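Values quoted throughout were computed directly from the atomic coordinates according to the rules given, and no laboratory measurement underlies them. Since the structure is predicted, the reported quantities are computational estimates derived from the model, not experimental observations. For neighbour counting, all protein chains shown are included, and Cβ atoms are generated from backbone atoms with ideal geometry for every residue, glycine included.
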Amino acid sequence: MLDCAIIGGGPAGLTAGLYTTRGGLDNVTMFEKGLPGGQITMSSEIENYPGATAHNLSGMDFMAPWQEQCQRFGLKHEMSEVTRVSRREDGIFTIHKSDGSVDEAKSVIVCTGSAPKRAGFAGEDIYFGRGVSTCATCDGFFYKNKEVAVIGGGDTALEEALYLAKICTKVYLIHRRETFRAAPNTIARVKNTANIELVINAIPEEVFGGAMGVDGIRVKLQDGSSRQIDVPGVFVFVGNNVNNQVLIQEDGSFLCEMTQWGEVKVDLSMKTSIAGLFAAGDMRESAPKQVVCAAGDGAVAALQAIAFVDGH
Ligand code: FAD
Ligand code: NAP
């Protein structure tokens, strides 16, 4: 029986692994379906993690020592996809894996992250990470004093457009309809921001560029004509998928309480509504979706898991 099962090996899971093992739990396994490191390994550069000051530090190079450090303290890593976490009446958790095998654990920290949706226009995948981004906090600074485009009409797109408008000279907010989904107050703030131009009833067709990255985006307008907007950066905010599948039970319900957007509800200790079950990182409610925050969550959850296991 595991003292703690950690599901997901991104920044939250690896930090939870470091803190649980170094904090005295003997038998901890981190289940990761791919290579440990998480989403940030897709990034060509990270420059907002405190202390990580190396120039052009790729996400892959940044994350490599995290795993090494955990293993020094005894974290076991199993390369498995977890299909479901369930809980018996006696409070013991069962970890169901895609090969049909199961493990049992006294506590579980779920850190399966999230993934921004793609809009599906031409060039989006080709230029992802080279001018197309889904994270203004991560990449906005690279476009300081430049013009950028933002795609989407929900709260995220409008809030991120406001964030980018403080850094960039101009933000083109491209939305496929005339009305926005965002909160009225946010819409008003966007409309009152001088350097945000609304490009409405505009469907993104293609991001174009060359070896150096993005040169611009072409959108199709309502009258059938095309408009070309020359920008080096395109930010896509068309929704987000939370990787919450492991919490779905056989009857379709979730193991613990969730928000209406599919994020796990947690308190400040990363405790879910179920004793012994913790959630950390991008998949928990109101997550800032930053490596430093996911790591912090992982540490908090681990300390709580240690206390929970000790209490039994
Ligand atoms: P994730 O990193 O998403 O890790 C979750 C892990 O769980 C993954 O490894 C996944 O394979 C695994 N997993 C999922 N489901 C299962 C399952 N069923 N079984 C087993 N394993 C599973 N943040 C910054 O702070 N600065 C940046 O500059 C920055 N740049 C970014 C650039 C890009 C391109 C992207 C995509 C994100 C960027 N971010 C950045 C955001 C940052 O990567 C995330 O906030 C952070 O990785 C979240 O960590 P996490 O551990 O919660 O989840
Ligand atoms: P969202 O509300 O689903 O909005 C996604 C936006 O992207 C929509 O405007 C949609 O257009 C557009 N879109 C979707 N697919 C597209 C495509 N292929 N091409 C072009 N545009 C596309 O997503 P979100 O903004 O990430 O918000 C998710 C949830 O979190 C929402 O419920 C939101 O209220 C909440 N949230 C709240 C806050 C806050 O309260 N401060 C902050 C952020 C998010 P259509 O409108 O035409 O469908």
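Dipole magnitude for region 225-282: about 160 debye, using +1 per Lys or Arg Cβ and -1 per Asp or Glu Cβ, origin at the Cα centre.
Mind giving me the FRET efficiency for Ile126 and Met60? R0 is 22 Å, r the Cβ-Cβ distance, nearest 0.05 is fine. Spell out each step's value before the answer.
Numbers: r = 20 Å, r/R0 = 0.90.
Working from the Cβ atoms, E equals 0.65.
The angle separating the long axis of helix 11-22 from the principal Cα axis of greatest extent in the chain is about 20 degrees. Among Cys138, Cys111, Cys70, the order by Cβ neighbours within 10 angstrom, fewest to most, reads Cys138, Cys70, Cys111.
For region 132-236, the dipole from Cβ point charges (+1 on Lys and Arg, -1 on Asp and Glu) about the Cα centre works out to 220 debye, to the nearest 20. Inter-label distance, Asp155 to Asn201: 2.9 nm, where each label sits 7 Å from its Cα along the C-beta direction.
How about region 78-116: which GluC sites (Glu not before Pro) there lie in a loop by DSSP and see at most 11 other Cβ atoms within 10 Å?
Values: sites: Glu78, Glu81, Glu89, Glu104; in loops: Glu81, Glu89.
The qualifying sites are Glu89.
So if R0 is 30 Å, what FRET efficiency would Met212 and Gln69 give, r being the distance between their Cβ atoms, rounded to the nearest 0.05?
Working: r = 36 Å, r/R0 = 1.20.
Calculated value: 0.25.
Under the shape rule built on the C-alpha gyration tensor, where the axes satisfy a ≥ b ≥ c, region 132-236 is oblate, since a/c reaches at least 1.5 while a/b does not exceed b/c. Remark: spin-label model distance Ser286-Leu268 equals 1.0 nm, labels positioned 7 Å along the Cα→Cβ axis. Rounded to the nearest 20 debye, the dipole magnitude of region 167-219 is 280 debye, with +1 charges on Lys and Arg beta carbons, -1 on Asp and Glu beta carbons, and the Cα centre as origin. Placing a pseudo-label 7 Å from each Cα along the Cα-to-Cβ vector at Leu221 and Ser101 gives an inter-label distance of 6.1 nm.
Label reach from Asp251 (point 7 Å along Cα→C-beta): in region 73-97, amide nitrogens under 20 Å belong to 84-96. Starting from the Cα of Ile167, step 7 Å toward the Cβ, then list every residue of region 107-129 with an amide N under 15 Å from that point. Backbone N within reach: 129.
Can you compute the label reach from Thr53? Point 7 Å from Cα along the Cβ direction, backbone N cut-off under 17 Å, restricted to region 269-312. Output list for this probe position: empty.
Output needed for the chain: three equivalent-ellipsoid semi-axes, defined as square roots of 5 times the C-alpha gyration tensor eigenvalues, in descending order, whole Å. Could you put the intermediate results ahead of the total?
Values: eigenvalues 307, 87, 55 Å².
Those come to 39, 21, 17 Å.
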